[in-house]
Structures are given as structure tokens and as C-alpha cells.
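The values are calculated or read from the model by the stated rules, or taken from the named source; none is laboratory data. For clarity, every value in this text was computed on a predicted model and none was experimentally measured. Neighbour counts run over all protein chains shown; Cβ positions are idealised from the backbone, glycine included. These area figures cover heavy atoms from the full protein model, side chains too; ligands, DNA and RNA do not enter into them. Shrake-Rupley method; radii C 1.70, N 1.55, O 1.52, S 1.80 Å.
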Amino acid sequence: MTHRTILGLGLALLVGAGASQAQEPEKPPEARPTGLPGKVQWKFNLDAGIGGFGFSNSLYTNARPDPSGDLGDSWAESYAKPALSASYGLGKGELYGAVSAVGERTFGGPPTLVGDEASSFQPEDLYIGWRSGTALGVGENALDFTVGRTRYRLGQGMLLWDGGGEGGSRGGFWSGARQAWAFAGIARFKPKRHTFEAFYLDRNEVPESETGTRLWGGNYQFAFNDANTVGATYMNFQSDSLPGRDGMSVYNLRAYLSPFKSVPGFSVGAEFAKEDNGDLLSSTAWMAQAAYQLNGVTWKPKLSYRYAFFEGDDPATATNESFDMLMPGFYDWGTWWQGEIAGEYFLSNSNLISHQIRLHLTPSESLGTGLIGYVFQADQPAALGPTVTSKNIATELDGYADWKVNGNFIVSLVAAYGHPKEAIAQGFGRTDDFTYGMVYVTYSY
């Protein structure tokens, strides 16, 4: 038999095999075994991010003894958070839990405030819980109990959002990957539109800034619908090293409403907080905001204004009136780190009055962008320093953009400009304008 005959027979066999395979539907690939108990629903997640940050002028309150006059700073941050969560049906209810860890790094010559070059890898989530499912007949998961290292957030983050400290020896000053409390016990009862919560929280603090802060409290929220909620909260704090916080009671009222059905783009919000610790501390904070979005217009422009007041200490009185900013967090751009320059790096939510105007645009489903303008003033100028007599601290303009590249990647950009006013010049001798930029890429799976 010649080679040509053998080759022809081989080709015929391949064609016949191909025709046979074409007639049979392909079998779906078999699921790869995990080696974990099969009756449990498992889910793996991976979140990661990396970004670069730069100043063309250093922090107003951190002037360096540099004879060249070069006060610029630049650095980078990165993080990774692998997580494994699980749920297991138990009658009409469900057991659930999760475990995760966070590795963070700050590098590239950061300023001291950010925490110098540092890295860490530590546990993040480690909790177990039970929810009632349809067992009670008063709403899905009307009862929910959670214990361990987990998140707990209040409202839109003005007082209580981040359970974990960042920066310093941990790295990740801006990244904010650590948000779980070192220990949390949360009980939630949610019949229909009502939510009742009782909680105990122990903060996961940066070791060199440990204050031993922990708290317990109760929260109530009523949801008219997704766009209309009101709430009230009581919290009692303890601290091993902050006398004004140890034993402090905090009362919080809040409302976020879209009050007119005929004008769905109009919304308002207000929040009030009272801190009381007898003769040691008595202070208040509040904010009010209004916004209007043109949903029927190209790019859906949304214009908003917010006034926020955080009381400062009056040096003429024996009682401390300086508002304890507690543990705010990033709910959206401008909340509740006020200003990508000021709020992130040299101002806190204490002894502060802020006016915020924001224009947000949505050019497409994958792109959101906008501008935020601020005017910052001091409630008590003398609390900034003995030479400060002016209330005017600074003005700031921030531009931001979030681009959803695909279902996994988001690129965030920030460009900001700050102009110091009389209070900064009087207290710190700084009059140079401050510019700042950031590029941050996040991945989620």
C-alpha cells in the first residue's frame, strides 16, 4: 500500500470522525471539584487596586525644612483582598460566614502623614451569622445575627463607616481596603419597612494610633421606599486613652428624602449629631443638602449643595466643645472626607464649616464624572492656633472621573486645586496654592 493511499485513508477517517462529532452535541465541561463540603454554597472573591498620588506643593501643616523650597510629594499604594464566603440552608433560614485577608503597601517616598513606606498582610473578615429567610412570615430575612470581624455602617457615613484604621505601619492610607471591625456583634430585626438594630463594635485600629475605642448602641430606620429613609441612632463609646470619648453618648437623627413624586429628580437630606460626656465634652454637628437631577437630559446632570457644621472648641469655656469626628468613611465623592486635598490630608470633621457645590455628569453607563467646589471655614478660629483670627481656611476645586472599563476593572482619576486663605496664612505661614492628582485602578472578581 502506497503512502498516498495510507494518507487518503487517514484523511477519510478524520473527516468521518469530524462528521460524527458534529452530529453529537458537545457535553458541558464538568465542574471542577473544590474539595469543600458540597451542601454548602461557596463563593470566592478577589479585590485589588493600585494607584499613584502626587502633590505639586506639600501639606499646609507639614512644611519641611527644605532649603530648596521643593515641597512636592508623590507616592503609590496597592492592595489585594482575597475572600471566601459560604452559606448553608438550615430549614427556612440560612447560616452564612466569610473569611478574608488584606495585604496593603505604601511605597515611593510618601509624606509622613501618609505613613512612610510600609506594608502589611492581616486578617480582615472572619464572621459567622444566621438569617431567618422566610421562617417568620414578616419579610425576607427579618431576623439576622452576625458575630466576628465584619463591617457595620450607619447612614451615609457621616459618623460611623470604617471599622478599620489605615495608613501608618499598615500602609494604604487612601486605599481604605480595611473596613471590618476587630470584633462586631450585630442583631437585626427587619419587619417590612422597619429596621431595628443592636450592635457592639470594637475598632480595628492602627497599632501606633491605638485608642482602645469600642462602642455599643441601637439603630432604627424606616424606609418609605428606596429613595426615602429616616433614621435615629444612639451610641455609647468607651476609650482607653481618650478621656473625652470614654463614656460619651452620641445621638443621631437623619433623613434622606425624595419628597415629590411629580419631581423625582429632586432630593434633600439632613443629619444631626449630639455628643455628650458631661463636663468633659458637649458638641454638635449637622448637615443639610439639596440636589436636583435632570434625568431626561443628555449626561443626566445632577447639581447639589451641602452645608455642613462640625463644632469647634471655644477656648473661653472650661468644657470641650470640639466635635469628635468618630469614624466617617467614603460613601461617595465628597462624603465624608471633605475635599480630596483638605479633607484627606489636613482637615478633619471638627471645628469646621463647609459649603459644597457639586455637579455630577453621566456621559454613559460606564463613565461618571464631575466637579466639586468647597469653601472651608473654622467655627472657632482661635482653636487653630493663638495667632489665628480669621475664619477663612481655604477654597478647593476637585475634578473626578470613574470609568468602568468592563465588569471587573474601574479606573478613577482626580485632579484638585486648593487655595489657602487667611487662617492658614496666620496659623502656618503658608500662602502657596496646592495642586494634587491621583490615578487609581481597582479590580473586582
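Per residue, the stretch 187-338 exposes 49 Å² of solvent-accessible protein surface, assessed with a 1.4 angstrom probe and all protein chains in place. Available extension along the chain between Leu280 and Asn295 is 0.5 nm, counting 0.36 nm per residue and deducting the alpha carbon span. Among the GluC sites (Glu not before Pro) in the stretch 110-164, those located in a DSSP loop and surrounded by at most 12 other Cβ atoms within 10 Å of their own Cβ are Glu140.
A straight chain from Phe196 to Asn45 at 0.36 nm per residue would run longer than the Cα-Cα distance by 51.4 nm.
Measuring nothing but protein heavy atoms, the accessible surface of the stretch 234-311 at 1.4 Å probe radius is 63 percent carbon and sulfur. For the peptides 260-269, 214-223, 337-346, 310-319, the ranking by mean Cβ contacts within 10 Å, running from highest to lowest, is 337-346, 214-223, 310-319, 260-269. Of Lys192/Lys302; Lys39/Lys81; Lys39/Lys92; Lys274/Lys421, which sit over 24 Å apart, Cα to Cα? In this structure, Lys192/Lys302; Lys39/Lys81; Lys274/Lys421 exceed 24 Å between Cα atoms. For Lys404, the aspartates and glutamates whose Cα falls under 19 Å of its own Cα, not counting residues fewer than eight places away in the same chain, are Asp47, Asp332, Glu365.
From the Kirkwood radius over Cα pairs of the stretch 283-338, Stokes-Einstein at 4 °C and 1.567 mPa s returns a whole-number translational diffusion coefficient of 92 µm²/s. Only DSSP H runs of four or more residues enter the estimate; each adds -39500 (n - 2.57), and after division by the residues of the chain the mean residue ellipticity at 222 nm equals -2000 deg cm²/dmol.
Between the helical axis of 3-23 and the longest alpha-carbon principal axis of the chain there is an angle of about 60 degrees. Extension gain, Ser87-Glu117: 0.36 nm per intervening residue step, less the Cα-Cα distance, totals 6.9 nm. For the chain, the convex hull spanned by the alpha carbon atoms encloses 241 Å³ per residue.
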